[in-house]
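The values are calculated or read from the model by the stated rules, or taken from the named source; none is laboratory data. For clarity, every value in this text was computed on a predicted model and none was experimentally measured. Cβ atoms come from the backbone with ideal geometry, glycine included; neighbour counts cover every protein chain shown. All accessible areas refer to the heavy atoms of the entire protein, side chains included, with ligands and DNA or RNA removed. Shrake-Rupley method; radii C 1.70, N 1.55, O 1.52, S 1.80 Å.
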Amino acid sequence: VINNTPLTELRDSVDAHFNTTEFLKGWAATNIFSNLDSYIGSGHNYYIYHDSVANKFRWIMYDVNEAFGVFAMSMSITQLENLSPFYLGSPTNRPLCSNLLLDGPSQQELTYWFCDLLQPNRFSNAALDPKIDSLANRIRTDVYADPNKFYTNQQFEDNQIMNLSIVGPGGGNFPGLKTFITNRRNSLTTS
């Protein structure tokens, strides 16, 4: 259906077999968080499940630990923060996305989900910084006590608010969580 349906009939044909709206919501979320260890980037970390009750396939994302631009695919932090809403790591190998982007109403719906998720009460520092602080407080004692961690306690604290560049085992460029949210939101709301 994805590969052999004329563009004018694509969305209706895909919708007959697949929960497309659910997929588009997930696509928007994956992109907003620059989670490239996913279908839109590396082509990883998803399942397609046949829901026998609805008699439609459903998209299941998993393993989102590389969000916030950690799985960089050779991009800089700035490039990840400014990732196009329609980014596809390998368009020819992502026919579902590639073909849906060619369908005006599907691209418009994807844009709608971006706008919905970018509401101030969802993807903003005001909404997410308290969650980051709460989670950091919850795990801080265990992080500090871990004798096998790759990173120092100071790096744990710093990376909540600023980018880090770490050399050695487990190293790389790591976007600061709060900084990433600020810059990513600014990029998406001004583009």
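Considering the stretch 7-47, and only residues there that are aromatic (Phe, Trp, Tyr) and open to solvent by less than 30 Å² (accessible area, probe 1.4 Å), the residue that is farthest from residue 71 (Cα to Cα) turns out to be 18. If we scan the stretch 171-178, do we find a residue that is open to solvent by 70 Å² or more (accessible area, probe 1.4 Å) and modelled with pLDDT of 95 or more? Within the stretch 171-178, none of the residues are open to solvent by 70 Å² or more (accessible area, probe 1.4 Å) and modelled with pLDDT of 95 or more. Between 122, 184, 138, the distinction of being touching a residue at least 60 places away in the same chain (Cβ under 8 Å), out of contact with any Pro (no Cβ under 6 Å at 6 or more places or on another chain) and basic (Lys, Arg) belongs to 184 only. Scanning the stretch 141-153 for residues that are part of a helix (DSSP H, G or I) and either open to solvent by less than 80 Å² (accessible area, probe 1.4 Å) or in contact with a Pro (Cβ under 6 Å, 6 or more places away or on another chain) (or both) yields 143, 145, 153. Name every residue in the stretch 55-70 that is open to solvent by less than 60 Å² (accessible area, probe 1.4 Å) and on the phi < 0 side of the Ramachandran plot, in order of residue number. Across the stretch 55-70, the qualifying residues are 59, 66, 67, 70. Looking across the stretch 154-164, just one residue is open to solvent by 50 Å² or more (accessible area, probe 1.4 Å) and in contact with a Phe, Trp or Tyr (Cβ under 8 Å, 6 or more places away or on another chain), and that is 163. Sort out which residues of the stretch 108-136 are part of a helix (DSSP H, G or I), open to solvent by 70 Å² or more (accessible area, probe 1.4 Å) and polar (S, T, N, Q), and write them in order of number. Hit for the stretch 108-136 is 108, nothing else.
A quick yes/no check of all residues on (1) within 26 Å of residue 7 (Cα to Cα); (2) among the polar types (S, T, N, Q):
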| site | (1), (2) |
| --- | --- |
| 48 | yes, no |
| 57 | yes, no |
| 60 | yes, no |
| 70 | no, no |
| 77 | no, no |
| 80 | no, no |
| 91 | yes, no |
| 98 | yes, yes |
| 105 | yes, no |
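Put simply, of 50, 17 the only residue that is under 26 Å from residue 103 (Cβ atoms) and without any contact (Cβ under 8 Å) to a residue 12 or more places away in the chain is 50. Looking at the stretch 1-96, the helices (runs of 4 or more DSSP H) lying wholly inside it that each contain 2 or more residues that are more than 24 Å from residue 122 (Cα to Cα) sit at 7-15.
Would you mind telling me which numbered condition in (1) over 26 Å from residue 160 (Cβ atoms); (2) in contact (Cβ under 8 Å) with a residue 24 or more places away in the chain residue 83 fails? All conditions pass for residue 83, except number (1).
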